[in-house]
Every structure is written in structure tokens, then in C-alpha cells.
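All remarks here apply to the structure that follows.
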Amino acid sequence: MYIAEMYIPAKKKKVKTFIIPSLKLTAVLILLCAVIYPLLVVGIAKTVPSGGDGVTVSYKGQVVGYKDIGQKFTDDKYFWSRPSAVDYNASGSGGSNKGPTNQDYLADVQKRIDTFLVHNPGIKKSDIPVELVTASGSGLDPDISFASATVQVPRIARLRNKTEKKLYELIDKIKERPLFGPEKINVLKLNVALNML
């Protein structure tokens, strides 16, 4: 057998030794990575309550967004979301990748602080939670902290002619208490509930 293989031309030997096994391996990996794995992930996703399609939030019978994707709220009569480096574009999520000493980054943060103070008179700079002036890593953070929600209450109460107590009760009702980590408030759900007050 070995002597016979010695007489196989080098070109045929290369095909038999390298190319055919490579093609077989490629076919197996395509099957695994492009067919079996995606079907497995979709199958697992279909077992969760939303069927893997994301949890939608509705208002007056119409879907207004997804619970897990942040949205931009700039109107003073709504609770504001965390800033986004990608302008809440879900197809291209990401952060700014600028470090805390980058001058452009510091200018953006200062601009957000100034804007917040103009729209929330009576609030001191030291009272602004850091998450309301810094973008999240994904740019799509749908939640804010309890402090970020409550610091906006005076502005919203004034503009909507509601008592602050009523708004604090609403925040407490919407507040989510995860098993691990701090309490959080979904901004879209909070603003939809605010419209129904």
C-alpha cells in the first residue's frame, strides 16, 4: 500500500490529503454553524413568554415600542431616558468608546448637564444622577434608576398639573425589583402609564 502511494502524482496526493478533508470540514461547519445552531437558538427562544420576539408595550391598542430597547423622550412632560451615543438606533447599538478624560466626551456630558438644569429648574448639579448625563454601553438602555426617575418628578408634576405624590406612587408601581442588582424603572412603561393617569 505504501509503495503504491509513492507513485501517485503529487497533485493527486495534495487533493486527497488536503483539499477533500478541508471541503468535508467546511461542509460540517456550515451545517453546524449556519443551520443547527440557529435552529437551536430559535427553538430555545420560542419557549420564553414572548416567543423570542421581544416584549412589546402598547398604548390604546397600538404597539408603541419594545420593553427592552430604549427610546428617546425629549418632551418635558415625559420622563427622559438615559442618553444614547447611537441616538437609540437598535440596528447599530454601541457606546461612544471615549474615555473619561476625552475632551469631546467631557463636553458632551457638560452639555447634557446644562440641558438638564435648564429643563429642571431648582435641581442642583450634584442632584443629577450620573446615568442621566452619560450614555450606556449599548446606547439602548431602556431603564433608569429610581433616583433618575424621582429627580424628574417636580418638572413633570408642574407641566401635567399632577401632585408629586401621585407621580412617586406611579414610579413605585412601575419599579422592577430584580433578583440581583438595583431596582430599575422602564422608561417606556413609565411614560405610557403616565399618559393614562
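The values are calculated or read from the model by the stated rules, or taken from the named source; none is laboratory data. Note that the coordinates shown come from a computational prediction; the quantities given were computed from them, not determined experimentally. Using ideal geometry, Cβ is built from the backbone for each residue, glycine included, and neighbour counts are taken over all protein chains shown.
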Residues (of a type outside the set (Ser, Thr, Tyr), surrounded by 13 or more Cβ atoms within 10 Å (Cβ to Cβ), at negative phi and at pLDDT below 90) located in segment 129-139: Ala135
Sole exception among (1) surrounded by fewer than 12 Cβ atoms within 10 Å (Cβ to Cβ); (2) of a type in the set (Phe, Trp, Tyr); (3) at pLDDT below 85 for Tyr37, by number: (3)
Test set (1) in contact (Cβ under 8 Å) with a residue 24 or more places away in the chain; (2) farther than 29 Å from Glu164 by Cβ - Pro83 fails condition number: (2)
From Ser22, Ser126, Ser58, Ser81, residue being in contact with a strand residue (DSSP E or B) (Cβ under 9 Å, 6 or more places away or on another chain) and either at positive phi or surrounded by fewer than 12 Cβ atoms within 10 Å (Cβ to Cβ) (or both): Ser58
Scope segment 132-186; condition part of a loop (DSSP other than H, G, I, E, B), closer than 22 Å to Ser84 by Cα and more than 22 Å from the chain's Cα centre (by Cα); matching residues: Val151
